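Below is one structure, written out as structure tokens; comments come after it.
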Amino acid sequence: MAASSKAPKVGPGIKIRKLATSDVRAVQAILQESPEAAAWSEESLLRLAAVEAAAWVAEVTGAGCTCSPSRIGVVAGFLMGRIAGDEFEILNMAVSPGNRRQGIGSRLLECALEFSPIAGCARVYLEVRASNESALALYKRHGFTECGRRAGYYRDPVEDALLLSLSLPGMP
């Protein structure tokens with residue numbers, strides 16, 4: 001089932017929108033500040049932005065936000081995923097350090113969770129560093145449970161990946 005990955009969502013001070021090629025430098029900056037996230041090349045990000053992909057950014061709009069005016073229009077976070085059969089896999093997600101703990105990660109995750117059943121997905125999967133306690137807490141708040149572990153999966157530093165999954169309501 002085809003579905004649009006455009007899932008605009010507006011909340012206080014944050015707008016979730018499809019990843020655009022003009023966002024690639026901002027996403028790379030967030031990746032450089034987020035060693036816990038998987039590093040992606042500029043070429044990979046540009047390819048992803050050029051197609052109708054399941055990839056979104058969170059942009060600071062300023063409306064109802066306590067952020068400084070210099071942050072308005074800035075990409076504060078991103079989420080990238082893919083559909084594989086009836087599964088949605090979150091490939092990468094990060095929020096810039098200066099914008100964390102403001103609900104941006106939750107909004108990005110909610111966008112992906114709203115998109116997934118529309119795209120025909122019954123389950124969502126992701127992997128996360130075992131030491132990334134804030135990400136684990138976020139995913140568990142949204143109903144994800146641990147379904148596996150990959151020993152020594154991450155590098156710099158070497159660390160286990162925890163596999164998490166979520167069954168989507170109303171899906172087989």
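From the list Asn132, Asn99, exactly one residue is farther than 18 Å from Ile14 by Cα and surrounded by 13 or more Cβ atoms within 10 Å (Cβ to Cβ). Which is it?
Checking each option against the conditions leaves just Asn132.
Each row is one residue, and each column tells you yes or no for (1) more than 24 Å from Ser44 (Cα to Cα); (2) part of a loop (DSSP other than H, G, I, E, B).
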site: Leu91; (1), (2): no, no
site: Gly98; (1), (2): yes, no
site: Gly105; (1), (2): no, no
site: Leu113; (1), (2): no, no
site: Ser116; (1), (2): no, no
site: Leu126; (1), (2): no, no
site: Gly170; (1), (2): yes, yes
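Filtering the range 95-119 down to residues that are of a type in the set (Lys, Arg) and under 19 Å from Asp23 (Cβ atoms), which residue is nearest to the chain's Cα centre (by Cα)?
Arg107
Just the residues that are over 27 Å from Ile118 (Cβ atoms) and part of a loop (DSSP other than H, G, I, E, B), please, taken from the range 156-168.
Across the range 156-168, the qualifying residues are Asp156, Pro157, Val158.
Take the range 22-43 and flag every residue that is out of contact with any Ser or Thr (no Cβ under 8 Å at 6 or more places or on another chain), at pLDDT 80 or above, surrounded by 13 or more Cβ atoms within 10 Å (Cβ to Cβ) and not acidic (Asp, Glu).
Scanning the range 22-43 gives Val24, Ala26, Val27, Gln28, Leu31, Trp40.
So, in the range 57-91, exactly how many residues are among the small types (Gly, Ala, Ser), at pLDDT 80 or above and farther than 14 Å from Cys111 by Cα?
The number of residues fulfilling the criteria is 3.
Please specify each residue of the range 120-134 satisfying the condition of being touching a residue at least 40 places away in the same chain (Cβ under 8 Å), out of contact with any helix residue (DSSP H, G or I) (no Cβ under 8 Å at 6 or more places or on another chain) and of a type outside the set (Gly, Ala, Ser).
Within the range 120-134, Cys121, Arg123, Tyr125, Asn132 qualify.
Only residues that are surrounded by 12 or more Cβ atoms within 10 Å (Cβ to Cβ), free of Cβ contacts under 8 Å to residues at least 60 places away in the same chain and assigned to a helix (DSSP H, G or I): list them for the range 135-155, please.
Of everything in the range 135-155, those that are surrounded by 12 or more Cβ atoms within 10 Å (Cβ to Cβ), free of Cβ contacts under 8 Å to residues at least 60 places away in the same chain and assigned to a helix (DSSP H, G or I) turn out to be Leu136, Leu138, Tyr139, Lys140.
The values are calculated or read from the model by the stated rules, or taken from the named source; none is laboratory data. Remember, predicted model here, so these are calculated numbers, not experimental data. Neighbour counts are summed over all protein chains in view; Cβ atoms, including those assigned to glycine, are modelled from backbone coordinates with ideal geometry.
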